[in-house]
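For reference, the structure discussed in these notes is given below.
The values are calculated or read from the model by the stated rules, or taken from the named source; none is laboratory data. The model shown is predicted, which means the values in this text are computed figures rather than measured ones. Neighbour counts run over all protein chains shown; Cβ positions are idealised from the backbone, glycine included. Keep in mind that these areas ignore ligands, DNA and RNA; they rest on the heavy atoms of the full protein, side chains included. Shrake-Rupley method; radii C 1.70, N 1.55, O 1.52, S 1.80 Å.
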Amino acid sequence: MEYSAAQLERYSRHIILAEVGVEGQDKIAAAKVLIIGAGGLGSPAALYLAAAGIGTIGIVDGDVVDLSNLQRQIAHHTRDVGRDKVLSAAEKMTAINPDIRVRPHQMLLDAANIREVIRDYDFVIDGTDNFPTKFLVNDACVLEDIPFSHGGILRFDGQTMTVVPGKSSCYRCTFRQPPPPDAVPTCSQAGVLGAIAGMLGTIQATEALKYVTEIGQLLTDTLLSFDALSMRFRRVPLRRQSSCPLCGTNPTITELVDYQQNACALK
Amino acid sequence: MINPEREITATKNLRGVNCPMNLVYTKVAMAALKPGEVLEIILDNGPPINNVPGSVKKEGHEVLSQTQLTDGAWSVLVRKSPQTPKSP
Ligand SMILES: [Zn+2]
C-alpha cells in the first residue's frame, strides 16, 4: 500500500521493527479483525487495534453503556452512558485513527446469526462476558475455520488462549461444556479489578497482530492465566483431543446451539 | 569487482530527516527494491550516519560503502538482502 508522510510517521514504530517492517504494516492494513463485546476486554483490544492500523475492525455488542461499565471499559466515557456501546467504541477508534474502517454490529449474537457475522473476518477476539457466548464463539470459529483469541476475567484473575482451528486445541477440547448457570457468580456479585481488563485485552490484541503479521509464536495449545494479586502468570499446556465433540475425529457438534444465558457471568 | 555505484537502482535523499524517520524512509525505499538491488541513501552527518547503517545491517542487508560528500552529508550504498529477514 502507498503511505502518506503522516501515515509513515504514525506507523513508524511498527515499521522500524525488523519483524514487522513495511510488509508487516501492509498486512495490518489489509487485515479484518472482529471484536466480540465492546466491554472490558473489547475496549482495550479495539483501541490498540485501531491505533495499530488494522484496516477493517468489526465490533459486536447489543448493550448500551452503563455507569458501572466505566470502571474498566475504557472505550466509553462518562458522556456515553446510555449510548450503544458499538457506536461509542467506534467513535473512539476512528478518533485515534481515521485511516481505519470500523463496522459496528449493534446486535446480540446467537446460534442463528453468529456464523454469518464472523465469516468475513481473518481473526476474532472473544471479549464476551459469559460462558454460553464463549462456547458459541468457539464453536462458530471452529466451524467457520477462523482463528480466535479466547479471554476471560473475574475478580483478580484472567485467562486466555489462542485457537487456530484444525491446527491447535480448541476451548472445548479442555472445557467440554458451559457450567450450569447457577454455578457461576455474576460479575456484579463477584466484582473485577478494572485494570486487569486491560492486561488481558491487550494480550488478545497482541495475538491478533502476531497472527496478521505472521510473526512470533501464537498462544496456541496453551492456557495462559494470571492472578493479579500475586502477579503470577501460569502457562498450562493443552493438547488437541481426538475425543473433542467439536474438533475431534468423530464430532457430535456439527451445528450451533444456544445455551441458557446467564449474562454477566465472566466480565 | 563490480562498481556498486553503477548498480544503484534508486536514491533516497534523507538530508534533514531525523532519526528514526530516516530509517522508516530507508525501509520503505528498500521494500520497493528486488533482492540484490542497490539503494543509495543520503544521510546527514551525526546521529543519522551513526545509526541508520547499523540498523540496516541488523535487518540483513549489506552496507557496501559510506562516502562523505562535500556538504558533510553521507552517501551510503545498501544492497537488499536475498530474503526478507524474519528476525534480526
Ligand atoms: Zn476441540
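Tabulated values for the structure
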read-out: Rounded Å value of the spacing that divides the Cα centres of the range B:12-88 and the range A:14-34; value: 20
read-out: Nearest-0.05 FRET efficiency for A:Q189 and A:R235, computed from C-beta distance (R0 25 Å); value: 0.30
read-out: Per residue solvent-accessible surface (Å²) - the protein assembly as shown, probe of 1.4 Å; value: 46
read-out: Residue with peak Gaussian network fluctuation, chain A [Cα springs, cutoff 10 Å], from A:L17, A:L34, A:L193; value: A:L17
read-out: Accessible surface of the protein assembly as shown [probe 1.4 Å, protein heavy atoms]: carbon and sulfur percent; value: 52
read-out: Gaussian network model of chain A, springs between alpha carbon atoms under 10 Å - residue of A:A140, A:A183, A:A195 with greatest fluctuation; value: A:A183
read-out: Loop trypsin sites (Lys or Arg not before Pro), chain B (other Cβ atoms within 10 Å of the site Cβ: 15 or fewer; DSSP); value: B:R15, B:K86
read-out: Which listed pairs, of A:K27/B:K12; B:K27/B:K58; B:K12/B:K34; A:K210/B:K57, have C-alpha distances above 19 Å, in listed order; value: A:K27/B:K12; A:K210/B:K57
read-out: DSSP beta bridges in chain A [antiparallel fraction, %, rounded to 5]; value: 50
read-out: Residue among A:L219, A:L200, A:L67 with the largest mean-square fluctuation in a Gaussian network model of chain A, springs linking Cα atoms under 10 Å; value: A:L67
read-out: Where A meets B: accessible area buried, both sides, 1.4 Å probe, Å²; value: 1200
read-out: Solvent-accessible area lost in complex, 20 Å² minimum, residues of the range B:1-43 relative to chain alone, 1.4 Å; value: B:P20, B:M21, B:L23, B:V24, B:Y25, B:K27, B:V28, B:A31
read-out: Percent of C-alpha pairs per 20 Å bin, the protein assembly as shown, short to long; value: 28, 46, 22, 3
read-out: At least 30 Å² accessible surface lost relative to isolated chain, residues of the range A:1-34 (1.4 Å probe); value: A:L8, A:I15, A:I16, A:A18, A:E19, A:V22, A:E23
